[in-house]
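The values are calculated or read from the model by the stated rules, or taken from the named source; none is laboratory data. This structure is a prediction, so every number in the text was calculated from the model and none was measured. Counting neighbours? That spans all protein chains shown, and the Cβs are built from the backbone with ideal geometry, glycine included. Heads up: the accessible areas ignore ligands, DNA and RNA and are worked out on the full protein's heavy atoms, side chains in. Shrake-Rupley method; radii C 1.70, N 1.55, O 1.52, S 1.80 Å.
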Amino acid sequence: SFTTAVTPPGAFNKVSPVNGATGQSTSPTLTWSTSTGAASYEYCYDTTNDNACTTWTSNGTSTSKRCSW
């Protein structure tokens, strides 16, 4: 018998915009730091301010995304 272990990707940080930022464009660029061991990234944003994010979008290996809503 044997067991396997999957190491989760490392932590990452949101770079911009900063929390609580005001006067932001309606087409902001979201950026975040890399995560050791991550093969790709996904993003989701909550447009109803209910802390629920159900639709995740693949962003490949890029650590930024220009949004337009």
Cysteines without a disulfide-compatible partner [the chain; Cβ-Cβ under 4.7 Å]: C67
Percent RCO, i.e. relative contact order, over the chain, from Cα pairs under 8 Å lying at least 6 residues apart: 34
Ellipsoid equivalent to the range 19-69 - semi-axes via the Cα gyration tensor, in Å: 21, 14, 11
A chain fully extended from S58 to A39 at 0.36 nm per residue, minus the present Cα-Cα distance, gains in nm 5.7 nm
Please report the carbon-and-sulfur percent of the accessible area for the chain; probe 1.4 Å, protein heavy atoms only, DNA, RNA and ligands left out. 51
Residue-normalised accessible area of the chain, expressed per residue, 1.4 Å probe, Å²: 81
